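A.B. asks: To start, I am sharing the structure in question, which I have written as structure tokens.
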DNA sequence: GTAATTGCAAAGCTTTTGCAATTTA
DNA sequence: TAAATTGCAAAAGCTTTGCAATTAC
């Protein structure tokens, strides 16, 4: 259940000697509730209803803290604010630059390309911090329709 | 020579019924001089010495105009400001998120991956508007050194 | 002369930061 | 109580915009 997830994250923080505050608990709870790809602002808004005093700066600082301790990460999906996740980045993100949709696909889908590129250029793509940007299938189909019309 | 390049770009604008102004000429000249991957702010600074009245907003507006008419494009290289180029995006950008270095590699280096991904997921990566972010060979080597130490 | 363009100042959006007041352990 | 955390307001970084004044055609 969700409470377990929150508790385990807070325990991790505690284990590292980091203080558990009311605000930190609330931010983590909100992230568990939000599930996927939430922005700092969305978290702020979620929390603002019940906790008008929890300031956005605290949300940002808590997210940074969670990231520094390896309990969360953020991805940049093209334009717009960063999106946050609990846990480890375990898949790569495909972000549609037209409709904003985000697909998560298996990391190893790109493994061959990545090693090819590494061999050819010495460059190692990091697919976790920045999404691959492009067009999702729906938007591609729509664009082709528009071209015909 | 550089003057030709500028003249040809301005001619393209004229052909589309767009007015050629002093400022627009100056911005295009600065881009020709700058060559690669220049930011709007860098262009502003270049121009500010000889033309203190040319406002940054005009640089942004001119860049947008050039992009709308297909004479320039911009790429996002991870964090930081967009970088601008005259011409068409004809290669893909590898941006090191550690040192900021940008490599340009041949488009077709990713062709197989892109079509694989398209076939598997329906998603079409756009490598022109957003760079692929990661680590360049130099930074990779340095990181490995640091790990050993 | 008229429509497009510019300078300027302001604001927009996302995020960070300095500092005094509060809270945690 | 000492040290960490928070609220607040402000600023930072990049870019866009409204409007009145200027300029190109």
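The values are calculated or read from the model by the stated rules, or taken from the named source; none is laboratory data. None of these values were measured; they are calculated from a predicted model. Please note: Cβ atoms are built from the backbone with ideal geometry, for glycine as well, and neighbour counts cover all protein chains shown.
A.B. asks: Please state which of the following conditions residue A:80 fails to meet, knowing it meets all the rest: (1) away from chain B (no Cβ under 14 Å); (2) within 13 Å of DNA strand D (Cβ to nearest atom).
C.D. replies: If we test residue A:80 against (1) away from chain B (no Cβ under 14 Å); (2) within 13 Å of DNA strand D (Cβ to nearest atom), just (1) comes out false.
A.B. asks: A further question follows. Given (1) free of Cβ contacts under 8 Å to residues at least 12 places away in the same chain; (2) assigned to a strand (DSSP E or B), where does residue B:84 come up short, assuming only one miss?
C.D. replies: (1)
A.B. asks: State the number of residues belonging to the stretch B:66-81 that are modelled with pLDDT of 95 or more and surrounded by fewer than 17 Cβ atoms within 10 Å (Cβ to Cβ).
C.D. replies: So the count comes out to 5.
A.B. asks: When you go through (1) within 13 Å of DNA strand D (Cβ to nearest atom); (2) within 14 Å of another protein chain (Cβ to nearest Cβ); (3) surrounded by 14 or more Cβ atoms within 10 Å (Cβ to Cβ) one by one for residue A:96, which number turns out not to apply?
C.D. replies: With (1) within 13 Å of DNA strand D (Cβ to nearest atom); (2) within 14 Å of another protein chain (Cβ to nearest Cβ); (3) surrounded by 14 or more Cβ atoms within 10 Å (Cβ to Cβ) applied to residue A:96, the lone miss is (1).
A.B. asks: Among the numbered criteria (1) within 30 Å of residue A:129 (Cα to Cα); (2) more than 13 Å from DNA strand C (Cβ to nearest atom), which one does residue B:79 miss?
C.D. replies: For residue B:79, the failing item is (2).
A.B. asks: Of all residues in the stretch B:100-149, which are under 25 Å from the mean Cα position of the chain (by Cα) and exposed (fewer than 13 other Cβ atoms within 10 Å of the Cβ)?
C.D. replies: From the stretch B:100-149, those under 25 Å from the mean Cα position of the chain (by Cα) are B:100-115, B:123-140; that's our starting set.
Residues satisfying the conditions are B:106, B:108, B:111, B:112, B:115.
A.B. asks: Please go through (1) within 14 Å of chain B (Cβ to nearest Cβ); (2) surrounded by fewer than 17 Cβ atoms within 10 Å (Cβ to Cβ); (3) in contact with a helix residue (DSSP H, G or I) (Cβ under 7 Å, 6 or more places away or on another chain) for residue A:60 and return the number of the only condition it doesn't satisfy.
C.D. replies: (1)
A.B. asks: Follow-up. Give the residues of the stretch B:107-126 that are touching a strand residue (DSSP E or B) at 6+ places or on another chain (Cβ under 6 Å) and more than 8 Å from chain A (Cβ to nearest Cβ), sorted by residue number.
C.D. replies: Across the stretch B:107-126, the qualifying residues are B:107, B:114, B:118.
A.B. asks: Here is a follow-up. Identify, by number, the condition in (1) more than 9 Å from DNA strand C (Cβ to nearest atom); (2) surrounded by fewer than 19 Cβ atoms within 10 Å (Cβ to Cβ) that residue A:26 doesn't meet.
C.D. replies: The single condition residue A:26 does not satisfy is (2).
A.B. asks: Right, another one. Going by the conditions given, is residue B:112 in contact (Cβ under 8 Å) with a residue 40 or more places away in the chain and either outside the structural domain of residue B:26 (by TED's automatic domain parsing) or over 17 Å from residue A:118 (Cβ atoms) (or both)?
C.D. replies: On the way: in contact (Cβ under 8 Å) with a residue 40 or more places away in the chain: no; either outside the structural domain of residue B:26 (by TED's automatic domain parsing) or over 17 Å from residue A:118 (Cβ atoms) (or both): yes.
No, not satisfied.
A.B. asks: I would also like to ask the following. Which of the residues belonging to the stretch B:43-57 are free of Cβ contacts under 8 Å to residues at least 12 places away in the same chain and crowded, with 17+ Cβ neighbours inside 10 Å? Talk me through it step by step, then tell me what you get.
C.D. replies: Residues of the stretch B:43-57 that are free of Cβ contacts under 8 Å to residues at least 12 places away in the same chain, as a first pass: B:45, B:48-50, B:52-53, B:55, B:57.
Of everything in the stretch B:43-57, nothing turns out to be free of Cβ contacts under 8 Å to residues at least 12 places away in the same chain and crowded, with 17+ Cβ neighbours inside 10 Å.
A.B. asks: Is there a residue being more than 16 Å from DNA strand C (Cβ to nearest atom), under 24 Å from residue B:100 (Cβ atoms) and not in a helix (DSSP H, G or I) anywhere in the stretch A:90-109?
C.D. replies: yes
A.B. asks: Just give me the residues in the stretch A:36-52 being assigned to a helix (DSSP H, G or I) and within 16 Å of residue A:62 (Cα to Cα), in sequence order. Break it down stepwise before answering.
C.D. replies: Quick first cut of the stretch A:36-52, residues assigned to a helix (DSSP H, G or I) only: A:40-50.
If the condition is that a residue be assigned to a helix (DSSP H, G or I) and within 16 Å of residue A:62 (Cα to Cα), then A:40, A:41, A:42, A:43, A:44, A:45, A:46, A:47, A:48 are the ones that fit.
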